[in-house]
């Protein structure tokens, strides 16, 4: 019996690893959005969700972007002009996402220590998480197409 999740992709399957990372991005972006949508949450639930979202987007997502920039892109670059353009756009989008991510992380950091502020920041959290979900979905779809390109 494996103690590792059976759904974890093999380390030698970069497309499967990328797909799994993208699923985590969607999951945490969705959690951020639900935290913005929900009213009347108990303080421990606010703290838990805020800490998880803040940690993911503050620590794990930058590593994912770094992997795309430093590992995936160099391997794909030069194969096809359209793929090169997609990689350039991917890189630019990483920079474009930074302000949204900074706002989301700041709100989550506040909620992690001040869960009573949830009602006061719900609208901002919903706004930034919705914008992030939209930006990420577009980015992830392009990334998936680029990774699957010749």
* Structure fact -> Filtering segment 90-127 down to residues that are exposed (fewer than 15 other Cβ atoms within 10 Å of the Cβ) and more than 23 Å from residue 46 (Cα to Cα) yields 91, 92, 95, 96, 98
* **Residue in segment 61-70 that is more than 17 Å from the chain's Cα centre (by Cα), within 22 Å of residue 15 (Cα to Cα) and without any contact (Cβ under 8 Å) to a residue 24 or more places away in the chain present** => yes
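Report those helices (runs of 4 or more DSSP H) wholly inside segment 16-115 carrying at least 2 residues which are at pLDDT 90 or above.
Details: elements: 43-55, 61-67, 73-76, 81-113.
So the answer is 43-55, 61-67, 81-113.
Take the residues of segment 32-43 that are over 19 Å from residue 127 (Cβ atoms) and free of Cβ contacts under 8 Å to residues at least 40 places away in the same chain: which is surrounded by the most Cβ atoms within 10 Å (Cβ to Cβ)? Full working, then the answer.
Here is the first cut: in segment 32-43, the ones over 19 Å from residue 127 (Cβ atoms) are 40, 42-43.
Filter again for free of Cβ contacts under 8 Å to residues at least 40 places away in the same chain, leaving 40, 42.
Working: 40: 7, 42: 10.
Result: 42.
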* To do: Exactly one condition in (1) surrounded by fewer than 18 Cβ atoms within 10 Å (Cβ to Cβ); (2) free of Cβ contacts under 8 Å to residues at least 40 places away in the same chain; (3) within 17 Å of the chain's Cα centre (by Cα) is not met by residue 58; state its number.
  => (2)
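The values are calculated or read from the model by the stated rules, or taken from the named source; none is laboratory data. Nothing here was measured: the structure is a model prediction, and the numbers come from that model. Please note: Cβ atoms are built from the backbone with ideal geometry, for glycine as well, and neighbour counts cover all protein chains shown.
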